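Since the structure comes first, as structure tokens, the remarks are kept for the end.
The values are calculated or read from the model by the stated rules, or taken from the named source; none is laboratory data. Computed from a predicted structure; not experimentally measured. All Cβ positions, even for glycine, are placed from backbone atoms using ideal geometry, and neighbour counts span all protein chains on display.
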Amino acid sequence: MDETGARDQATDMGYSVLTIQPRADFVSFWRRENKRFPVLLFSQELLVLLNAGLPLVVAIETLMEKESQSNVRTTLERIADTLRQGRTLSAALEQHSGTFSALYIATVRASERTSDLGPALVRYVAYQNQIDALRKRLVNASIYPALLIFAGGIVSLFLLLYVVPRFGKVYEDRSAELPWASKLLLYWGQAVEGHALPITGALLALGIALWYVLRLPEVRANLESLLWRLPVIGEQMKVYQLARFYRTIGMLLRGGMPLVAALNMGATLLHPVMRKRLVNASLAISEGRPVSDSMNDNGLTTPVALRLLSVGEQSGNMGEMMDSIALFHDEEISRWVDWFTRLFEPILMGIIGVLIGGIVILMYMPIFELAGSLQ
């Protein structure tokens, strides 16, 4: 059963549905990853059809007819049915809140007030492309370190599970003369030699359990809070969140949404600590205080953001200024990622080299001592 079906079933039973959370298991996660609705592609195709002069309902039906995936086709069919009932597109999208984000629905709803759905979709596509470009840059920067860690782990496991047990047989008669670190490797090799299958299975189970635990929202939130407290990394995470936040607010303002409502909409993009600060800033703005002062007093600006917000207040183009803030911080984050990658990769290679080299040296140390005694 999908989210819409579950919502309808609960409503028929007399319940008021607030949120729907899918069951957290491996099968549901895999299905969810492979059946995710392509919101960005949907927006781009809908924009092309609207620019070609097709009415909204006809455009949705056209997208539905060409769709091959059953879940996407079902979603489009339900949206088209809602539109035929005379309801708005935002109301139709709101029935699929698990598929379309609150930001997307708010963008469409704001465009319906001014009858500019096409420009709103253009703004959202540009916004999502910029977000995806920055996210892709961060992912690309992490690929090489991840490969280093993976390769180093594979080599270390090969040494510990295959090579060390065989060296242990050679040193069994000389165990009393071995250095203490080599003795530890010998004991490990004996344990692996006698219980190879259980140890390998335990390591695989540990790896799978670790992967599953790291995907839990609570664990990821705790890890994020831990990173948030680190001096340099925490500051860059703050800048990254502020960049996304200001870009979102700028898009909503240019779409015609009031400032306070836009701020409340963008609150979900911020860390819980910053979200509390935003509540205070929104209250101050609603009371008539300047935006720049309210945001700065609550720690939601940088020096550059503060100056650009002041300029936006004076010129009246706050949406464009927030886009400029986001663009500046995106470039700042990109430069920091490049610098951090160039620094982190050699350090990581050194750590892996020391780890693997240490295992090899401990295995060969008795041979070196024996060669020295023969000389």
Across (1) more than 27 Å from HIS271 (Cβ to Cβ); (2) small (Gly, Ala, Ser); (3) modelled with pLDDT of 85 or more, ALA243 clears everything bar (1)
Quick check: is even one residue across the range 33-55 out of contact with any helix residue (DSSP H, G or I) (no Cβ under 9 Å at 6 or more places or on another chain), modelled with pLDDT under 75 and not in a loop (DSSP other than H, G, I, E, B)? yes
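Being at negative phi, surrounded by fewer than 17 Cβ atoms within 10 Å (Cβ to Cβ), among the basic types (Lys, Arg) and under 21 Å from the mean Cα position of the chain (by Cα): is that true of ARG229 here? Let's see the steps before the verdict.
Numbers: at negative phi: yes; surrounded by fewer than 17 Cβ atoms within 10 Å (Cβ to Cβ): yes; among the basic types (Lys, Arg): yes; under 21 Å from the mean Cα position of the chain (by Cα): yes.
So ARG229 passes the test.
Tell me yes or no: at least one residue of the range 135-156 is β-branched (Val, Ile, Thr) and either closer than 24 Å to ALA267 by Cβ or part of a loop (DSSP other than H, G, I, E, B) (or both). Step through it out loud before you land on a result.
Step one: of the range 135-156, the residues β-branched (Val, Ile, Thr) are 139, 143, 149, 154-155.
Those still in the list that are either closer than 24 Å to ALA267 by Cβ or part of a loop (DSSP other than H, G, I, E, B) (or both) too: none.
No, there is no match, as no residue in the range 135-156 is β-branched (Val, Ile, Thr) and either closer than 24 Å to ALA267 by Cβ or part of a loop (DSSP other than H, G, I, E, B) (or both).
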Flagged pairs (Cβ under 8 angstrom, 6 or more apart or on separate chains; first in the range 202-228, closer than 21 Å to VAL273 by Cβ and at pLDDT below 85; second part of a helix (DSSP H, G or I) and of a type in the set (A, V, I, L, M, F, W, C)) are VAL219/VAL213; ARG220/LEU214; LEU223/LEU214; GLU224/MET237; LEU227/ILE233; LEU227/MET237; TRP228/MET237; TRP228/VAL273
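Consider ILE249 carefully, then state whether it is in contact with a helix residue (DSSP H, G or I) (Cβ under 7 Å, 6 or more places away or on another chain) and surrounded by fewer than 20 Cβ atoms within 10 Å (Cβ to Cβ).
Answer is no for this residue.
Can you confirm whether ARG109 is under 20 Å from THR248 (Cβ atoms) and exposed (fewer than 15 other Cβ atoms within 10 Å of the Cβ)? Steps first, answer last, please.
On the way: under 20 Å from THR248 (Cβ atoms): yes; exposed (fewer than 15 other Cβ atoms within 10 Å of the Cβ): no.
No.
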Given the conditions (1) under 24 Å from LYS276 (Cα atoms); (2) of a type outside the set (Gly, Ala, Ser); (3) surrounded by 15 or more Cβ atoms within 10 Å (Cβ to Cβ), every one holds for ASN317 apart from (1)
Listed by first then second residue, the pairs whose first member lies in the range 241-255 and is within 19 Å of VAL273 (Cβ to Cβ), whose partner is among the charged types (D, E, K, R), with beta carbons under 7 Å and at least 6 positions apart or on separate chains, are ALA243/ASP330
Subset of the range 272-320, residues touching a residue at least 40 places away in the same chain (Cβ under 8 Å) and more than 27 Å from TRP228 (Cβ to Cβ), comes to MET318, GLY319, GLU320
>> For the range 325-333, check the following and say yes or no: at least one residue is in the same structural domain as MET257 (by TED's automatic domain parsing), part of a helix (DSSP H, G or I), touching a residue at least 40 places away in the same chain (Cβ under 8 Å) and under 30 Å from GLY152 (Cβ atoms).
In response: yes
